[in-house]
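For reference, the structure is listed below as structure tokens.
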Amino acid sequence: MESSAAELARLRHSASHVLAQAVKTLYPDVKLGIGPAIEDGFYYDFDWQEGFTPDDIEKIEAEIARIIAANPVFTHREVAKDEALSLFADEPYKIDLINELPENEAISIYNQGSFTDLCKGPHVESANQIGAIKLLSVAGAYWRGSEKNPMLQRIYGTAFPTQEELNIHLERLEEARKRDHRKLGKELDLFSFHEEGPGFPFWHPKGMIVLNELLDYWRCEHSQRGYQEVKTPMILNEDLWHRSGHWDTYRENMYFVNIDEQVFSVKPMNCPGTILIYKDSMKSYRDLPIKYAELGHVHRHEKSGVLQGLFRVRAFTQDDAHVFCRPEQVQEEIGKIIDLIESLYSKFGFNEYRIELSTRPEKAIGSNEMWEMAETALNETLKSKNINYQINEGDGAFYGPKIDFHIKDSMGRSWQLGTIQLDFSMPERFELEYIGEDGKSHRPVMIHRAAFGSIERFMGILIEHYAGALPLWLSPIQVIILPIADRHHEYAKETASKLAEFGIRVKVDSRNEKTGFKIREAQMEKIPYMLIVGDREAEAGRVSVRSRESGDLGAMSFDEFASKINAENS
RNA sequence: GCCGACGUAGCUCAGCUGGUAGAGCAGCGCAUUCGUAAUGCGCCGGUCGUCCGUUCGAAUCGGAUCGUCGGCUCCA
């Protein structure tokens, strides 16, 4: 039986209290932080200088089992503030929380067995309703999420009404680990990372094929929609970054080089370069919108602890574009960008996505009026397109508010990809202009946008989404021909060159190995089609087709196979 | 950057309380010419991340440093 999200949350929140009770029983000197339910589980934060070892976790799990077997009842009561303060006198973090509660309200506390916690609830009635608990990991976490506060030990876990449901969840986690793009990237020989350049991906020949196929598709879709591709320099001098505002807001993430007494910065964003192209000639209102697209390779010095495979790197390619338009064109242009992004995602089966609108951050440039104008424009566009969206306060880019796209992959995991950012600020700073119908100079609006976001991150997401089995058009090797014995090599080669003429990426496995072995390897390499050729095929001029998904498809003529694969590839 | 764990052959991993390294896979060689997920035999391969230190002696102990992983913070 499926449990509702609210039931699961209540159960997991109760599980976190049981965890805290177990920890307090075993380590009475531990100070308690907070312990909420989260998506897929729960955690509890503890202040414990010694940290928790895997041994400790085992002991804690055993203690949890004991508590659940004793089946304490969860009871609720409300107390006055001074009673709460004395009740939690030994818990400095709880005191912290109590002091922040409204003065005159009663304070809600929950108790089960020997354990009492400051808590709004709700909880299960008694511990045996929790069913199955599993502790998953231990990690440091700042008190109340701020770097300035002490770091506590956070124990993560999950809980389900039954052991079966827990097992299913653990299997899902295992499945996610198998899909890890870092593991698959190595196994499929797509890319690598090296100590010599932490956070800088190295693309191998096979990875480059996937990347280039992806970019071919991207270029085609963009040129059809009036985008013009440009390329701007990797490093540009200091003055430009002062002018753009990056120097003041982004410097700690920038790489620098000194040459001829000048400071150059490796670009962390492409916009300033593109602006120089815009400014290179006089623009008329008739020229707008101008859409400059750039697959810009940017470098950002991210903190060492945040790097994560292709998902978080220090050098990546943005599928960037900057649309320069008249103010009255903004809404239409944003609408077109949303359509384009939607169309690009559907190619990969990302049909479900969520949109967030992020507003002015603390570190921002530009006047309040500009921000207001920009935020209104984005709001209006989304409303006029009848799109549901959430507001994300204070999460905009430093030069303007943005719309972000979050997609769901084949495992239901959510990823942020595309972004549309509206910018009145850069045009001001760089004094961009166009000549209007009235013959006077006007200021254009700039829209920064990316559909995949980062090509590297997108590749990582695709690898996990497809579990490494990339669709035919993206597969580095599309067809592998497996001759049964040496005497079939000639026929295999002929077949291969005929396929290559259709633009199919094909390889012949002419190693002296048994067919079963070759199939196994091709299968592990996730090659979409295997053609097995032996005496039967060579004599009849046919091929035996095996698909990586559905196995043996039987024999067919070369033309039959060629038209099948061409249809699938287009 | 912070907390914690980890770092042994190309890969996956073993090596207890200190006595100068071991397996499987991959690679190479030979035999085999074999029909839908692993043919057999043999060979090669490691200054045990790096640097200091303790010790007669360090992959094993201590420190520093780099990198990776799980999180926090940050982010495309």
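The values are calculated or read from the model by the stated rules, or taken from the named source; none is laboratory data. Computed from a predicted structure; not experimentally measured. So basically every Cβ, Gly included, is an ideal-geometry build from the backbone, and we count neighbours across all protein chains shown. Areas reflect the complete protein model, heavy atoms only, side chains present, ligands, DNA and RNA absent. Shrake-Rupley method; radii C 1.70, N 1.55, O 1.52, S 1.80 Å.
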**Asked** If A:Gln331 satisfies every condition in (1) modelled with pLDDT of 95 or more; (2) of a type outside the set (Lys, Arg); (3) in a helix (DSSP H, G or I); (4) open to solvent by 30 Å² or more (accessible area, probe 1.4 Å) but one, which is the exception?
**Response** (1)
**Prompt:** For the range A:48-65, which residues satisfy the criterion of being surrounded by 13 or more Cβ atoms within 10 Å (Cβ to Cβ), more than 21 Å from A:Tyr93 (Cβ to Cβ), within 16 Å of RNA strand B (Cβ to nearest atom) and within 34 Å of the chain's Cα centre (by Cα)?
**Reply:** A:Ile57
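Give the residues of the range A:541-570 that are small (Gly, Ala, Ser) and open to solvent by 60 Å² or more (accessible area, probe 1.4 Å), sorted by residue number. Walk me through it before giving the result.
Let us first name the residues in the range A:541-570 that are small (Gly, Ala, Ser), namely A:541, A:544, A:547, A:550-551, A:554-555, A:557, A:562-563, A:567, A:570.
Passing the criteria: A:Ser550, A:Ser563, A:Ala567, A:Ser570.
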**Prompt:** Where residues in the range A:507-540 are touching a strand residue (DSSP E or B) at 6+ places or on another chain (Cβ under 7 Å) and among the aliphatic types (A, V, I, L, M), which of them is farthest from RNA strand B (Cβ to nearest atom)?
**Reply:** A:Val508
**Prompt:** Which of (1) free of Cβ contacts under 8 Å to residues at least 12 places away in the same chain; (2) under 25 Å from A:Tyr466 (Cβ atoms) is the odd one out, the single condition A:His222 does not satisfy?
**Reply:** (1)
**Prompt:** Which residue pairs have Cβ atoms under 7 Å apart, sit 6 or more places apart or on different chains, and have a first residue in the range A:142-169 that is in a helix (DSSP H, G or I) and a second that is more than 9 Å from RNA strand B (Cβ to nearest atom) and open to solvent by 70 Å² or more (accessible area, probe 1.4 Å)?
**Reply:** A:Leu166/A:Lys134
**Request:** Answer yes or no: is there a residue in the range A:85-93 that is open to solvent by less than 30 Å² (accessible area, probe 1.4 Å), out of contact with any Lys or Arg (no Cβ under 9 Å at 6 or more places or on another chain) and modelled with pLDDT of 90 or more.
**Result:** no
**Count of residues meeting criterion [within 15 Å of A:Phe311 (Cβ to Cβ) and either surrounded by 17 or more Cβ atoms within 10 Å (Cβ to Cβ) or away from RNA strand B (no atom under 13 Å from the Cβ) (or both)] in the range A:150-179** = 1
**Complete:** Looking across the range A:409-462 at residues that are within 16 Å of RNA strand B (Cβ to nearest atom), in contact with a strand residue (DSSP E or B) (Cβ under 8 Å, 6 or more places away or on another chain) and open to solvent by 40 Å² or more (accessible area, probe 1.4 Å), the single one that is nearest to A:Glu187 (Cα to Cα) is A:Arg457
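Given the range A:441-519, what strands (runs of 3 or more DSSP E) lie entirely inside it while holding 1 or more residues that are touching a residue at least 60 places away in the same chain (Cβ under 8 Å) and within 20 Å of the chain's Cα centre (by Cα)? Walk me through how you get there before you give the answer.
Details: elements: A:445-454, A:479-483, A:506-508.
Hits in the range A:441-519: A:445-454.
Could you tell me whether A:Val543 is more than 8 Å from RNA strand B (Cβ to nearest atom), among the aliphatic types (A, V, I, L, M) and within 30 Å of A:Arg182 (Cβ to Cβ)?
Working: more than 8 Å from RNA strand B (Cβ to nearest atom): yes; among the aliphatic types (A, V, I, L, M): yes; within 30 Å of A:Arg182 (Cβ to Cβ): no.
It is false that A:Val543 is more than 8 Å from RNA strand B (Cβ to nearest atom), among the aliphatic types (A, V, I, L, M) and within 30 Å of A:Arg182 (Cβ to Cβ).
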**Prompt:** Looking at the range A:101-141, which of the residues that are polar (S, T, N, Q) and outside any strand (DSSP E or B) is surrounded by the most Cβ atoms within 10 Å (Cβ to Cβ)?
**Reply:** A:Gln129
